[in-house]
Amino acid sequence: MDENKLKVIFIGGASRSGSTLLDRILGEIEGFFSLGELALIWEEGFAKNMLCGCGKPFKSCKFWRAVVEEAFGGFEEINPNKILELQRSVARIRYIPQLLFPPLRSSEFQSRLSGYAEILERLYTAVRKVANCDVLVDSSKAPPHGFVLREIKSIDLRIVHIIRDSRAVAYSRQRKKRNPAIHWKEAYMGTSSVLKSAIDWDLSNSFVRLLGSIISHYHIIRYEDLAVQPRETILKLLKDLKIESLNLDFFVDERTVNLGPNHTASGNPMRFKHGKVEIRLDEEWKRKMLAYKRIAVTALTWPLLLRYGYFWRR
């Protein structure tokens, strides 16, 4: 990694693919810092004041207060709604052609993109300073966010593409799961139809792969491998990323990790888990997913299932 640049590992892929688990594990490595899904920080953190990974409301977290002070001069200097509007005007699937091919950009789009990229750069730089870390791990997953990160010249970007069986993803996105980050009321994570899940899975994985084709360092990791052989899979990933420090002493054994406190901005509820956590493969979908839903998702996603070795899995 270029020592003069911000070192960022962007975890890309479809939702419910295990990105939070991977983020938390990488965040335990000395010199690494887990951001969680930073693309959601403007809405969930700044606008709604949802819980930080440490368990405190975002604006009450001492870490994020220090970061915001360093980056922007304090919360009172930030208008999250304006930043959200700016983000949505450049970091969406529909804008990937412009993000991929600069000649397609209008001067107005380029101005918005540069403005949003500059805001992100200030935020990342402040996190690195306050956390005193070497590598930032961003598990935002969304391909447009990764394309925006590519625009920031001060970032040494590495792409880790996490993939999970599309049928497992579709099943997971239909389960009712409480969202503890919304601390002022009982609320649940969003659900999706199998049709929407399948289309999102195809688009997300295709666009992350496209991003990886134009980035020097692109690495694929399967959720199933991470869940079955977590320590071995992480060791291989670090070697692929050419990370010199391979100290994984936070692994209690081959399948159990000791997770410390974190300040993830957003992500799966497992980001609130601390202490010893045994990593287990979640394949409930194989037993409980209705046959017609499994067939529908398979039919809609089979080319990529075949590419990534899932088509003949039982």
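Values in this text are rule-based calculations from the coordinates and carry no lab data. For clarity, every value in this text was computed on a predicted model and none was experimentally measured. Positions of Cβ are generated from backbone atoms using ideal geometry, with glycine treated the same way; all protein chains shown enter the neighbour counts.
Contact map, segment 87-105: first residue closer than 12 Å to F207 by Cβ, second residue surrounded by fewer than 14 Cβ atoms within 10 Å (Cβ to Cβ), Cβ cut-off under 9 Å, separation 6 or more or different chains; pairs are P97/L104; L100/I214. Restricting to segment 141-193, count the residues that are in a loop (DSSP other than H, G, I, E, B) and surrounded by fewer than 24 Cβ atoms within 10 Å (Cβ to Cβ). Number of matching residues: 22. For segment 1-110, the helices (runs of 4 or more DSSP H) that sit wholly inside it and include 3 or more residues that are surrounded by fewer than 22 Cβ atoms within 10 Å (Cβ to Cβ) and not small (G, A, S) are 62-72, 80-88, 96-100.
Close Cβ contacts (under 6 Å, 6 or more residues apart or on different chains) running from residues in segment 8-26 that are without any contact (Cβ under 8 Å) to a residue 24 or more places away in the chain to residues that are of a type outside the set (V, I, T) are absent. Could you tell me how many of the residues in segment 197-232 are surrounded by fewer than 19 Cβ atoms within 10 Å (Cβ to Cβ), in contact with a strand residue (DSSP E or B) (Cβ under 9 Å, 6 or more places away or on another chain) and β-branched (V, I, T)? Result for segment 197-232: 2. For segment 77-93, indicate whether the set of residues that are under 30 Å from T298 (Cα atoms) and over 20 Å from the mean Cα position of the chain (by Cα) is non-empty. So far as segment 77-93 goes, no, none of its residues is under 30 Å from T298 (Cα atoms) and over 20 Å from the mean Cα position of the chain (by Cα). Is it the case, given these coordinates, that L238 is farther than 18 Å from V8 by Cα and of a type outside the set (K, R)? It is false that L238 is farther than 18 Å from V8 by Cα and of a type outside the set (K, R). Residues in segment 70-86 that are touching a residue at least 24 places away in the same chain (Cβ under 8 Å) and out of contact with any Ser or Thr (no Cβ under 9 Å at 6 or more places or on another chain): F72, F75, I78, P80, N81, I83, L84, L86.
When S114 is tested against (1) in contact (Cβ under 8 Å) with a residue 40 or more places away in the chain; (2) assigned to a helix (DSSP H, G or I); (3) farther than 26 Å from M50 by Cβ; (4) not aliphatic (A, V, I, L, M), exactly one condition is not met: (1).
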